[in-house]
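A.B. asks: Here it is, the structure, as structure tokens.
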């Protein structure tokens with residue numbers, strides 16, 4: 001019988017016990033590989049109440065004590081790295097080395113916020129006509145609604161700064177990849193954390209999210225995922241004046257300037273485009289190449305795409321695993337069909353979903369019109385949409401009309417030229433001659449419809465703090 005992933009509420013695992021269970025699929029086969037326990041309305045209420053109780057004590061702990069707990073969470077995560085990584089690959093699909101890399105990054109996030117908690121100035125005085133005592137105070141329990149493309153990292157990127165700030169949390173894990181999150185909680189259960197400090201619920205997400213956002217015990221909502229869901233959550237939370245941290249979708253423009261090293265640019269853009277089977281919100285979505293170098297660039301991208309091995313992520317030597325769910329395969333077919341119907345050319349790849357599993361070969365589409373789905377919408381799959389340009393200013397103006405503004409990229413012959421163009425792109429982060437746009441120690445977030453607030457850096461911890469003021473008369477000068 002397949003494993004049934006449990007809930008974790010107030011320090012206790014709960015599985016089955018008459019609750020509804022839902023199947024979890026292995027995307028490499030399309031067959032059931034596990035089941036998840038559906039939290040009831042009573043379970044969700046209990047998780048929020050447990051977080052509220054734990055929060056009252058946790059928020060009063062000294063920052064160094066919270067930091068010590070975060071350091072131990074990093075240690076425990078790495079102790080359980082292999083089983084969590086295998087659970088991640090089995091249900092999400094990414095190659096096992098990428099799953100291990102995700103978990104290494106999670107441990108680094110815990111360590112960073114442990115250090116930040118120890119050095120952050122939670123209390124300070126502003127002198128003047130009155131002494132203004134400012135205490136950065138933890139807001140309250142945080143609801144973390146998870147996504148499936150980086151299912152553990154999406155939890156930790158919100159959990160670590162909120163714990164450092166002094167907040168308890170309730171995690172609503174995504175239905176497509178709950179096993180790795182459950183395994184993460186099983187690892188954390190080995191620590192002496194206060195019951196209720198971290199809680200896990202799974203099940204019918206729309207019902208549970210509505211209930212938890214509405215619960216008076218929840219003070220803040222953090223979500224990583226689509227723009228449409230983010231809008232709905234923000235509207236629901238806004239009705240109660242609850243603040244949100246929303247890291248939403250992308251439609252990243254990627255520009256190749258005249259004189260760029262074509263092999264370098266092609267490898268950079270294709271590497272990030274096909275990483276995690278293209279299921280990355282910061283992946284280059286609309287690739288524009290100066291016409292003089294266009295043919296050479298497309299050939300290099302095709303060569304890169306065809307060099308990648310597609311297969312079950314648990315197997316050795318696999319570069320691209322399956323997509324996480326059948327919805328992604330259907331969307332890839334729609335993107336390709338739409339582009340071809342509008343006059344694009346497929347240089348390599350596939351046009352229909354695979355018969356077994358949710359695989360999609362890295363696909364390269366050339367001469368993709370601006371009105372094609374793949375240029376207007378987030379692809380979130382292993383398809384590269386490329387088109388030539390003649391006028392750089394026109395391209396910049398065009399990409400800036402998009403209402404999505406998460407990331408962007410520029411590859412040029414020199415850093416100064418790439419930087420000059422990068423500064424003109426209306427997005428939250430830009431890579432100029434480099435492809436990493438999200439770092440643990442710096443803010444990351446989108447503008448326009450790509451989100452609210454930030455993850456990364458000390459600013460992410462401030463998402464969960466409120467500057468409480470107590471004003472007193474200025475101190476009397478001491479007699480000498």
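Bear in mind that the values in this text are calculations on the coordinates, not laboratory data. Please read all numbers here as calculations on a predicted model, not as lab measurements. Backbone-built Cβ (ideal geometry, glycine too); neighbour counts: all protein chains shown.
A.B. asks: If we sort 63-70, 190-197 on the protection proxy, mean other Cβ atoms within 10 Å, highest first, what's the order?
C.D. replies: The most tightly packed comes first, giving 63-70, 190-197.
A.B. asks: Please list, in order, the residues from segment 174-189 whose amide nitrogen is less than 12 Å from a point placed 7 Å along the Cα→Cβ vector of residue 15.
C.D. replies: Within reach of a label on residue 15: 179, 182-183, 186.
A.B. asks: Regarding segment 91-206, what are the three Cα extents along the principal axes, ordered largest first, in Å?
C.D. replies: 61, 30, 26
A.B. asks: If you don't mind, another one. May I ask you to sort 402, 106 by Cβ crowding, counting other Cβ atoms within 10 Å and putting the fewest first?
C.D. replies: Arranged by neighbour count, lowest to highest, 402, 106 become 402, 106.
A.B. asks: For residue 263 and residue 115, what is the calculated FRET efficiency with R₀ set at 45 Å and r taken between the beta-carbons, to the nearest 0.05?
C.D. replies: For R0 = 45 Å, the calculated efficiency reads 0.70.
A.B. asks: Pull out a ≥ b ≥ c, the square roots of the eigenvalues of the alpha-carbon gyration tensor of segment 1-127, then state rounded if a/c is under 1.5, prolate if not and a/b is larger than b/c, and oblate in the remaining case.
C.D. replies: Oblate.
A.B. asks: Another question, then. Based on alpha-carbon centroids, what's the gap between segment 387-402 and segment 221-238 in Å, whole number please?
C.D. replies: Their Cα centres are 30 Å away from one another.
A.B. asks: For a Förster distance of 60 Å, can you work out the FRET efficiency between the beta-carbons of residue 355 and residue 468, rounded to the nearest 0.05?
C.D. replies: Using R0 = 60 Å, I get an efficiency of 0.50.
A.B. asks: Considering only DSSP beta bridges with both partners in the chain, what is the antiparallel share in %, to the nearest 5?
C.D. replies: About 45 percent, rounded to the nearest 5.
A.B. asks: While we're on this one: How much length, in nm to one decimal, is gained on full extension between residue 327 and residue 190, taken as 0.36 nm per residue of separation minus their Cα-Cα distance?
C.D. replies: My answer for the length gained is 45.7 nm.
A.B. asks: Could I have the simple spin-label model distance between residue 345 and residue 240, label points 7 Å from Cα toward Cβ, reported in nm to one decimal?
C.D. replies: Roughly 5.6 nm, to one decimal.
A.B. asks: Follow-up question, since we're still on this one. For the residues 309, 401, 245, what sequence is obtained by ranking on other C-beta atoms within 10 Å, fewest first?
C.D. replies: The order, fewest Cβ neighbours first, is 401, 309, 245.
A.B. asks: Further, regarding this structure: For residue 130 and residue 393, what is the calculated FRET efficiency with R₀ set at 60 Å and r taken between the beta-carbons, to the nearest 0.05?
C.D. replies: 0.65
A.B. asks: In addition: Quick check: pseudo-label points 7 Å beyond the Cα along Cα→Cβ at residue 337 and residue 295, how many nm apart are they?
C.D. replies: 3.3 nm
A.B. asks: Just how far, in whole angstrom, is segment 167-199 from segment 31-55 if you go by their alpha carbon centroids?
C.D. replies: If you average the Cα positions of each part, the centres end up 10 Å apart.
A.B. asks: Which ordering of 143, 257 is given by a fewest-first count of other beta-carbon atoms within 10 Å?
C.D. replies: With the fewest neighbours first, 143, 257 line up as 257, 143.
A.B. asks: Tell me what the chain gives for mean residue ellipticity at 222 nm when only DSSP H runs of n ≥ 4 count, each as -39,500 (n - 2.57), the sum divided by the residue total, rounded to 500 deg cm²/dmol.
C.D. replies: -12000 deg cm²/dmol
A.B. asks: To one decimal place, what Kirkwood hydrodynamic radius in Å is obtained for segment 252-432 from all pairs of distinct Cα atoms?
C.D. replies: 16.2 Å
A.B. asks: In whole angstrom, note down how far apart the Cα centers of segment 68-99 and segment 337-366 are.
C.D. replies: 32 Å
A.B. asks: If you stretched the chain out fully between residue 434 and residue 476, how much longer would it get, using 0.36 nm times the residue separation minus the C-alpha to C-alpha distance?
C.D. replies: Working it through step by step, the gained length comes to 9.5 nm.
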